[in-house]
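In what follows, a single structure is set out as C-alpha cells and then discussed.
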Amino acid sequence: MPGRAAGTRTIALVGPGGAGKTSLAEALLFAAGTVSRQGSVADGTSVGDASPEARARGGSTELNLMHLDYLDDRYALIDAPGSVGFAADGALGAAAADLALVVVDPDPDRALLAEPSLRQLEALGIPHMIFVNKIDQARGSIQTLLESLQPMSASPLIARWIPIRDGEKIAGFVDIALERAYYYQPGKPSEQKDIPADLADREALERAQMLEKLADHDDALLEALLMDEVPDRETVFEDLRKETGAGQIVPVLFGSAMNGFGIRRLLKALRHEVPDPAGAAERLGASGNCAFVFKVSNSGAMGRLTYARVFGGTLREGAELDGPDGESLRIGTLFAVQGEKTMKLPEAKAGDVVAVAKIEGVGAGQWLSSGATPPSPDVAEPVRNFALAISTKDRKDDVRLSTALHKLTEEDRALKWEQDEALHETRLKGINDEHLKVTLERLKRRYGVAVDSRAPAVGYKESIRKTVTQRGRHKKQSGGHGQFGDVVLDIKPLPRASGFEFTETITGGVAPKQWIPGVEDGVRDAHVKGPLGFPVVDVEVTLIDGSYH
C-alpha cells in the first residue's frame, strides 16, 4: 500500500510490565534500519531503558523517546513504562500520540493485565491496536486470547492476522486483509508464500467476519457485501485506516520482538493505519501554532529538557509562545531524542516530537501556544499509596535535598513531597515501594544526596468527648505592680475536621476587650500539645467570665 507521509506520526507503546514494549521498540528500530544491531533489554544494550535504574531492573522506570524512518515516512516512538509504579509517567505521552500500540503477552492470564491500558485509551479517545508479543512462546490459540480480551474493549477486536502452525509452533501468519501468507525466517524478513490449503476455509471465514465488522461503519461496503460483491483491497485498507483512527475497531496483530517475527509486516501495517497528526490535534483541541508538553526531564547534562509534540506549524529556536499562565516564553534549542542521545535540530515541524532546552514555567500536561490555550488532557491523577519519611545522612545536604526533590517531582507526576511541620518530617509519597526505592536511587546518583528512610510517624491528634468548664488564673507579685487575671472558659467538642473556634460572651467589662486576644493566643498555644502530647483539634472555646486587677 502507498505511504501517507503527512508529518511525523507518533506511536505510543503501552501495556503491562514485562510484555516486551522496549524490546518491540528495539525490533522496530532495527527492522527500519535505524540501528545496525538489535539491542537487548536483558543485556543492557537497548536504545531505551538506558538509565542505571532501568538497566538494574531489566524494565522501564521512565518514559523513553525514539524515532525511525521507514519507506520515506517518519515516526516517533514513545515507550511508556508498564510497571504499576512507573505507569503514570507514560499517560501524557500516550495522550500526545496518534495511535497507541498495546503490547500484551500471549498467555491469556497475563494478557488480562492490559485492562488498565485499554480502559485509559478508551477514556482519552486514543486510537489503538493490539500487538501480541512473544508469539513463539504461545501455548493457546489467538482466538481464545481475543475472547478473553474482548470484554475489556468497548470496540470490537479484529484479528488482522491468523497464525500458521507447524505442530505446536507458530511458523507464520496469514494477513486476511492482504490475503497473503508469510512464514517467519529468523534474522530475515518473512517469506511470502501461498495460503496453506488447510487454512483456506478459515481465512475466508475470518475475512468475512472482519468485513462484516468494517461494514458496521461503511454503508457502501455493507451494500457490496449484501450483493455478494468482493470489495477491492483499497476499500478494505481505507476502512481499516478510518475506523481504527476513529476508535471504532481495534486491530490485533502478533509476532516476536526478540526474534524479529512479524516486525516488518507490523511496520507496513502501521505505515498505512496510523492516523495523521491532524487527528491527534483535533482530539486534543489544538489550533494554531502550539506544542503539547508531556514530560519534563532534569536528568541529562543539558539540565532541564521539556519534551513536547508540535502541532499546527513550524517551531524554531528563539520563537516566543505563551505559557500556561499567558506569560511569553522563549523557545530554547530543539533536539531530536533517541533514547539517551540527543541531536540538535534547526526546526520542528507539525507532528514532530522534540526536546526543548532551557524553557521554564511549563510542566507536563500543559501547552505552549500562540493563541487560545487548548485544554489539558483529562488524565487521572495518580494514586499515591506509599510514603517514606526521609532525612539527609549529612545535615549540610538539607538545602540540596529540597532542590533535588523539587526537580524529581517536576518530572514524575506520580511523586510528591511535603513537609510535616507538626512532626518535623520530610515525606516522600509515591505509587509503591519500588517507585520510592528508584526515586531514592536517583536522588543519590543525580544529586549526590544520600538519605535515611523510615515509615512516617503517625500524626496522632487529640480532641475531647464532652463539654467542660475550666477556670484559669494568672497571678504574679514580685516587685512593682502586681498582676492578676482570671478567666472562665467553656470548652466543647466539634464535629470531625471542624478545626478550632474561639468566641467570647463577656459582659460588664469583667475582662477588658483589649486583653481578649491574649486569651485566644493562650488557648491556641495550648492546642499545640494536649495532655497526651499531640495537637488538639475540633474544639470550640468560649470565654464566658473573668476578673482582673
- How far, in nm, would the chain grow between Ala200 and His424 when pulled straight, counting 0.36 nm per residue and subtracting the alpha carbon separation? 73.4 nm
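Relative contact order for region 1-103 using alpha-carbon pairs under 8 Å, separation at least 6, rounded to a whole percent?
39
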- Describe numerically, in nm with one decimal, the distance between label points set 7 Å from Cα along Cα→Cβ at Asn432 and at Ala50. 2.8
- Cα convex hull of region 409-545: mean projected area in nm², to one decimal? 13.8
- Go through Lys393/Lys529; Lys295/Lys461; Lys193/Lys242; Lys341/Lys437 and tell me which ones have a Cα-Cα distance over 31 Å in this structure. Lys295/Lys461
- dims of region 351-438, Cα set, principal axes, largest to smallest, nearest Å -> 46, 28, 25
- Note on the structure: Computed over region 95-183, the convex hull of the Cα set has an average projected area, in nm², of 6.1
- Task: Averaging sequence separations of C-alpha pairs under 8 Å and six or more residues apart, then dividing by the length of the chain, give the relative contact order as a whole percent.
- Result: 12
- Contour minus end-to-end for Lys444 and Lys466, with contour as 0.36 nm per residue of separation and end-to-end as the Cα-Cα distance? 2.9 nm
- Query: Once the other residues with Cβ under 13 Å from the Cβ of Thr503 are scored (Lys, Arg +1; Asp, Glu -1), what is the net sum?
  - Reply: -4
- Note on the structure: Rounded to a whole number, the Stokes-Einstein D of region 225-279 in µm²/s (Kirkwood radius over Cα pairs; 10 °C; 1.306 mPa s) is 122
- How long are the semi-axes of the ellipsoid equivalent to region 223-337, from square roots of 5 times the Cα gyration tensor eigenvalues, in whole Å, largest first? 39, 21, 11
- Taking the Cα centre of the chain as the origin and placing charges on Cβ (Lys, Arg +1; Asp, Glu -1), which of Phe292, Ala42, Gly448 is farthest toward the positive end of the dipole? Gly448
- Message: Can you compute the label reach from Thr373? Point 7 Å from Cα along the Cβ direction, backbone N cut-off under 11 Å, restricted to region 328-363.
- Response: 328, 362-363
- Task: Give me the distance in nm between label points sitting 7 Å out from Cα along the Cα-to-Cβ direction at Ser547 and Ala301, one decimal.
- Result: 8.2
- Charge dipole (region 102-219, unit charges on Cβ, about Cα centre) - positive-most of Ala177, Val104, Pro156: Val104
- Task: From largest accessible area down, sort His424, His128, His474; use a 1.4 Å probe on the protein chains.
- Result: His424, His474, His128
- Residue-normalised accessible area of the chain, expressed per residue, 1.4 Å probe, Å²: 47
- Query: Hey, with R₀ at 56 Å, roughly what FRET efficiency would Val458 and Glu179 work out to, going by the Cβ-Cβ distance, to 0.05?
  - Reply: 0.25
- Along Cα→Cβ, 7 Å out, is where each label goes; now give me the distance between the ones at Glu229 and Arg110 in nm to one decimal. 4.6
- region 79-213: relative contact order as a whole-number percent, Cα under 8 Å and 6+ apart: 15
- Message: Please list 3J(HN,Hα) in residue order for region 442-455, calculated via the Karplus relation 6.51 cos²θ - 1.76 cosθ + 1.60 where θ = phi - 60°; whole Hz, with x for glycine and proline.
- Response: 5, 4, 6, 6, 7, 10, x, 10, 8, 10, 8, 10, 7, 5
- Which is the longest run of the chain containing none of the trypsin sites (Lys or Arg not before Pro) found in DSSP loop states (not H, G, I, E, B) with at most 15 other C-beta atoms within 10 Å? 140-348
- Dipole in debye (nearest 20) - the chain, about Cα centre, beta carbon charges: Lys, Arg +1; Asp, Glu -1: 2460
- Query: Helix 263-273 versus the longest principal axis of the chain: what is the Cα-based angle in degrees, 0 to 90, to the nearest 10?
  - Reply: 80
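Counting only other residues whose beta carbon sits under 12 Å from that of Val449, what net charge do I get with K and R as +1, D and E as -1?
For residues surrounding Val449, the net value is +4.
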- Carbon and sulfur: what percent of the chain's accessible surface (1.4 Å probe)? 50
- How much length is gained if the chain between Gln209 and Gln514 is pulled fully straight, taking 0.36 nm per residue apart and subtracting their Cα-Cα distance, in nm to one decimal? 101.2 nm
- Calculated on alpha-carbon atoms, Rg and Dmax of region 424-480 in Å: 23.7, 66
- Interchain or long-range residues, amide H under 5 Å from Tyr307's placed H: Phe294, Lys295, Val296, Ser297, Val356
- Message: Using the Cα centre of region 363-508 as origin and beta-carbon charges of +1 (Lys, Arg) and -1 (Asp, Glu), tell me which of Leu415, Ala364, Gly508 is placed farthest towards the positive end of the dipole.
- Response: Gly508
- Which number do you get for Rg(Cα) / (2.2 N^0.38 Å) in region 1-139? 1.01
- Alpha-carbon spread of region 34-112, three principal axes, descending order, Å: 38, 28, 26
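The values are calculated or read from the model by the stated rules, or taken from the named source; none is laboratory data. Because the structure is predicted, anything quoted here is derived from the model rather than measured. Methodologically, a virtual Cβ is constructed for each residue, glycine included, from the backbone with ideal geometry; neighbour enumeration extends over all protein chains shown. Remember, those area values only see protein heavy atoms, side chains included, never the ligands or the DNA or RNA. Shrake-Rupley method; radii C 1.70, N 1.55, O 1.52, S 1.80 Å.
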